[in-house]
Amino acid sequence: NIQVVECGFLPDPATYYAIDDCWGDPYNGDGSFVPVNKSESIVTPPGKTYEQFINRTWFADDGCGNNASYMEMYHIVDTMAPFIAPKVNSTYDCLSIPDMEDRNGTDLCEGVIVANNTETVLYADCPLVEIIHRTWTVTDEQGNFYLSEEFVHVTDVVGGELPIWNLPLPPAQLTVEI
């Protein structure tokens, strides 16, 4: 019976004990346990970095030709998407828009995954007012992915005045001699 287990959730090997009538009863203090040895084999299919088949076997031998064994079989799979923390939508003045940051996500099987970033202007009302859509996507080797996004609202909150230059005004009447 093979147990399917998500990567990162493989249980630790159990500790098993064996008893034999000739060795006495270790629970009553007048005997000892038969030694139990554990072996483990791991098979990874070609091209499947995070898919594995694990066989754990416990074997006890009383030294008189009597033995017993127990086996656990696991199929390790990666069906869970990696994770990247969500971003909070934000509003900035047109003069203080931060650059899009590089971010990383995490995956139970692969650890840290570098996110792919995209930035798109969705709406622009005038040169200084717009909505920017930023996304960070993390994808593991199995194709599982997760998307984090942020909408940046850009406004002209600072305002200001039009510049006034101190230039002389042209004369009201201009005479040119030739």
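Some points to look at:
- Residues of region 104-122 satisfying the condition of being among the acidic types (Asp, Glu) and over 21 Å from Lys48 (Cβ atoms): Glu119
- Residue in region 22-37 that is within 30 Å of Val152 (Cβ to Cβ), touching a Pro at 6+ places or on another chain (Cβ under 8 Å) and either of a type outside the set (A, V, I, L, M) or part of a strand (DSSP E or B) (or both) present: no
- Of all the residues in region 11-62, those that are within 37 Å of the chain's Cα centre (by Cα) and either open to solvent by 80 Å² or more (accessible area, probe 1.4 Å) or of a type in the set (Gly, Ala, Ser) (or both) number 14.
- Every condition in (1) closer than 30 Å to Asn104 by Cα; (2) among the small types (Gly, Ala, Ser); (3) open to solvent by 70 Å² or more (accessible area, probe 1.4 Å) is met by Ser69 except one, and the failing one is (1).
- Pairs where the first residue, in region 128-146, is more than 26 Å from Asp156 (Cα to Cα) and without any contact (Cβ under 8 Å) to a residue 60 or more places away in the chain and the second is of a type in the set (A, V, I, L, M, F, W, C) and open to solvent by 40 Å² or more (accessible area, probe 1.4 Å), C-beta under 6 Å, 6+ apart: Thr137/Phe145; Thr137/Leu147; Thr139/Phe145
- Residue within region 96-118 that is outside any loop (DSSP other than H, G, I, E, B), in contact with a Pro (Cβ under 7 Å, 6 or more places away or on another chain) and hydrophobic (A, V, I, L, M, F, W, C) present: yes
- Among (1) in a loop (DSSP other than H, G, I, E, B); (2) touching a Cys at 6+ places or on another chain (Cβ under 6 Å), the one test that Ile76 misses: (1)
- Val36 vs. criteria farther than 30 Å from Gly24 by Cα, in contact with a strand residue (DSSP E or B) (Cβ under 9 Å, 6 or more places away or on another chain) and aliphatic (A, V, I, L, M): no
The values are calculated or read from the model by the stated rules, or taken from the named source; none is laboratory data. Just so you know, these numbers come straight off a predicted model, no measurement behind them. For neighbour counting, all protein chains shown are included, and Cβ atoms are generated from backbone atoms with ideal geometry for every residue, glycine included. Side chains are part of the model used for accessible areas, which takes the heavy atoms of the whole protein and leaves out ligands, DNA and RNA. Shrake-Rupley method; radii C 1.70, N 1.55, O 1.52, S 1.80 Å.
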